[in-house]
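The values are calculated or read from the model by the stated rules, or taken from the named source; none is laboratory data. Source: prediction; values computed, not measured. No Cβ is skipped: glycine too gets one built from the backbone with ideal geometry, and neighbour counts run over all protein chains shown. Ligands, DNA and RNA are stripped out before the accessible areas are found, and what is left, the full protein with its side chains, is counted by its heavy atoms. Shrake-Rupley method; radii C 1.70, N 1.55, O 1.52, S 1.80 Å.
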Amino acid sequence: MNQESWEYFSNRDKFHGFRYTFENGRTQAYWEFLHGGGGAVMVRKKRTARRFFLGVLVLLLVILGAAVWFVSPAQSLDMQYRSIDFKDKLLTMLEKREPRMTLSTEELGQLSKKNMVEYLHSHDLGVEVTGAEFIMNGTRMTANINGQWGLIPFGASLGFQMSVEGSQLQLAHQSTTIRGFPIEASLFQLEPIVISLKDYLPDLVTIRDVKFLSDGLELHFKVDWMAIPSLLK
């Protein structure tokens, strides 16, 4: 015997309507007449879109935070430097009657820092350098610097190759890294930093030769020994 029935239904997705069922022993079929389902589908789509955009925003914030941490300074540095007492070194040279003078790696680091401060006054790097530390190793000089790019603080290491021309010590910028990651020269490049050693010495002392040592720099002079005592008064 055939059976037919109508049944009202409603589910949690806010679909509601009538279901018509037809059964003839072996076969059962039904039709649903729905009302109100379109609104539920739109709500679900909006919720999915919100979750997607929220997830993208959180991911971008995480990436930005990681990038800021990556470039942030690893140590506290400033731009203060110590002056080198060349007068005391000249007195020692006069006492020993040896026309040579040695500058330690630490003293050369202080001279390099002083000249970088002067360099920054006349060059626009596109960033603000807030601290520096120079470390000499043979003919290589490494400058660990802290800086500010807009609101973002950063730390970087600059590699210099040192050379001598007459009485000038030149630091040629060769590389820049942030936590070991190389920065292209097209993005950040300094002109050579020049240290005029003659500026720290009296006119009657002439630099004849400069030698790089494992622990500093050795200056050899042409000296008028009779004139030096009057210069030191």
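Using all alpha carbons of the stretch 83-158, what is the percent of pairwise distances in each 5 Å bin, ordered from the shortest bin to the longest? Once binned at 5 Å, the Cα pair distances of the stretch 83-158 give 3, 13, 20, 18, 15, 12, 8, 5, 4, 2, 1, 0. The label point for residue 82 and the one for residue 187, both projected 7 Å from the Cα toward the Cβ, are 3.5 nm apart. In the assembled protein chains, residue 104 presents an accessible area of approximately 40 Å² (probe radius 1.4 Å). Taking every C-alpha pair closer than 8 Å and separated by at least 6 residues, the mean separation divided by the residue count of the stretch 51-172 gives a relative contact order of 23 percent. Applying 0.36 nm per residue to the separation of residue 57 and residue 75 and subtracting their alpha-carbon distance, the gain on full extension is 3.4 nm. Highest-first packing order for the peptide set 187-199, 54-66 is 187-199, 54-66, based on the mean count of other beta carbon atoms within 10 Å. What residues from the stretch 143-157 fall in the zone where the backbone N is under 11 Å from a label point 7 Å along the Cα-to-C-beta line of residue 179? Residues 155 fall inside that zone. With 0.36 nm allotted per residue and the present C-alpha distance subtracted, the residue 196-residue 104 stretch has 31.5 nm of extension available.
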